[in-house]
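Just so you know, all these numbers are worked out from the coordinates, no wet-lab data involved. This is a predicted model, so every value here is computed, not measured. Please note: Cβ atoms are built from the backbone with ideal geometry, for glycine as well, and neighbour counts cover all protein chains shown.
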Amino acid sequence: MNKIKIKLLVGIIIIVALAIVIVYNPNIFNINSTLSPENTIEPTISSLELKVTGVEFTPNVYLDNNKIVGIDTEIASKALENAGIKFEISLTDPSAQDYNKNVTGQNRAFLTTGYSVERKDSYKWAGPTSQGMYGIFSKGESSPAYPLSIEDSMKLEPIAVVKNWLETTTLEDLGFKNLVYFDTYGDALSAFMNDKVKYIASDFFHLTKSLPEGYYMQNVYAVTRYRTVFYYLAFSNDVSDEVVSKVQKEIDKMIEDKTVETVMQRYFKILLPEFIPGTLQLFAEVAPPYNFQTGLDISRQATGSTVEMINEIQKRNGYANRINISTWIDAYSLPQYLPNSAVFTIARTPERENMFQWVGPVSTNKTYFYTLASSSIDINTLEQAKNLKSIATPREWYTHVFLRNNDFKNIVATALTSAEAFQQLVSGEVEALFLTDVDVKWLAKEKGISENILKQNLMAIDYDGYIAFSLNTPVTTVNNWQAILDEMKSDGTFDAIWKKWFDGIEKPTPPNKIQ
C-alpha cells in the first residue's frame, strides 16, 4: 500500500506541475504555433554557421596559393570573427551551373556586392568593406583639371573599353561616342600600355593591380571619375538583424581604428585617401568656393567653405571621414539610395525636400540672370529671359531644373560645372547666364575678370545651400550634425569661416522647411 500511495502522490504532483505550466504557457503544445514561420526561432550568434561566397575579382576577392584572399575577404573575415560568428568562405564561378545553388539558401553572405537601387531590398547589408571608382585614365603628366567634366571627356581621343562591362554601359548611358571596344580587359589594357589608345575606362583598383608594379604611379593619371561603387557584405534576408548589426558595428570600428586602411595598404603601396571607405560617405562636386580641391594625384586636398565647416563638425564628432570630390552626376546620385551618405553643397529646393535629410544652411544661393555689360540686354521678368536666344546654366543643377519647370526653351545646359557655364557667357557663346551671385563673384576673381564686364539682372531664385543626407542615414546622425552646426553658429566658428570665404555677403537664415 505504501508503494501504491507513493506512486499515486508522484503522479498527482506531475499532473499539477503540468497544469501550472499550461496555465502560464498555453501554446507549449501548440505544434502549428511553434513551427509557423513567424515564430521560428532564429539561430543565435553563437549557433549560427554562415556560408560566405565570393566571385573572383582582384584585388577584392581572389585565390592566391590555394588561399582565398583580398581586401573584402580580409575585412569581412575579421568583422565576422570579432562578432563571434562562425563562417566558411568559398569561391564560385558566376558562369558555372551551380552558381545559383551557391548564392541562394539560408544563412548566406556574399562578398564584394555592390550596393545599388536594384539590389537594396534583396539583402541585408553590412559595410562598406571597400570602394570602387570607375574612371577614365591616361598616360603622361597629371592634369590640374581633374576631374575633367563629362562634356569635355566626350571630346577626348578614343577611350578603350570592354564590351558589355558596367564601366562601359555607364559611359554609353551618359552619351559617350568616343569609345573603342575590346573583347577582354587584357586586350584593352594591352592596347593602352602599347600606345594604341591614349585613354582607358576602368575601375581604379582593378587597373592599378592589373598593371606591372609601379607602372601606374610612373605612367598613368586619372582624367575623371564618373561612377563610384561601394562594396558590402550582403546577407540573405533570413539572417537576423542582430547579426547584421553586430557585423556592421565591427566594420565601423575597423574603419575608425584604421584597420581597413591597413588592410588596403597591404594590397596597394600607394593609396589615394579618397578611395578608403568611411563610416559616412561624403560627396561633393567641384563648385568653388563651397567645395573644390587643390593639388594633384596623391597630394589632392578637398577645400572650400563647406569643406571647412564639415571638417569642423567631424572634428567635434571625434572621427573625420574623407571627402570625395567627384562629378555632380556621381555625387548627387549616390545619396539618393546609399546608406550613411551625403552630398554638399546642395540647394534645398521644393523638388528635393523629401528626397534627403537636411543639415544647414551652410551657404546662400541667390540666383540671378547675368548678361555682358556690353550687350543691350535687360532682364526684368522671366518672360524677357524666355525671349533670349540662349541661357547657360550647369546641367542638372537646381538652376537647370527651375528653367525646365518654367518652360524655358532656350536652355544651354551643356556645362557640367559653374566654371564652364560662366565661361560660356564670358566667351559670348550664350546671351545670358543663370547662376548664383557667390559663384559669379568667385569665378570672376579666380579668372582675373572684372565684374564690371557683367551685368546682374533679375534674381529668380533664393534657396540656401545645405548638406543633404540619404534617407537611410540614421536620424540620430543627422540630428547630431545639425546640433554641432548650430553650436558652431553660436560660438563664432561659423562666422569665422564665413568671413574668410564670403566677407561682405549676407549669411544664410535657416527656414523651418521649404514649401
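Structure values in brief
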| item | result |
| --- | --- |
| Fewest-first sequence of 165, 397 by Cβ atoms within 10 Å of each Cβ | 165, 397 |
| Calculated diffusion of the stretch 308-452, Stokes-Einstein form, Kirkwood radius summed over Cα pairs, 4 °C and 1.567 mPa s, µm²/s | 77 |
| Summed side-chain charge close to residue 162 - residues other than residue 162 whose Cβ falls under 13 Å, Lys, Arg +1, Asp, Glu -1 | -4 |
| C-alpha long axis of helix 2-24 to longest principal axis of the chain, angle in ° | 20 |
| Nearest-ten-degree value, helix 475-491 long axis tilted from longest Cα axis of the chain | 50 |
| Amide H within-cut-off set for residue 293, under 5 Å, with H built and near neighbours excluded | 303 |
| Length-normalised contact order of the stretch 254-408 in % [C-alpha pairs under 8 Å, at least 6 apart] | 20 |
| Order of 476, 168, 417 - criterion: other Cβ atoms within 10 Å of each residue's Cβ, fewest first | 476, 168, 417 |
| Normalised contact order of the stretch 403-515, rounded percent, pairs of Cα under 8 Å and 6 or more residues apart | 13 |
| Angle between the chain longest axis and helix 493-502 axis [Cα atoms, degrees, rounded to 10] | 30 |
| Whole-angstrom gap from the stretch 69-94 to the stretch 353-414, using each part's C-alpha centre | 50 |
| Taking the chain and dividing mean pair separation by its residue count, relative contact order in percent (alpha carbons under 8 Å, at least six apart) | 14 |
| Cross-link pairs beyond the 25 Å C-alpha cut-off, checked among 139/441; 209/253; 155/366; 139/209; 366/499 | 139/441; 209/253; 155/366 |
| For mean projected area of the Cα convex hull in nm², calculated from these coordinates, the label among [x] 24.5; [y] 34.6; [z] 26.6 | [y] |
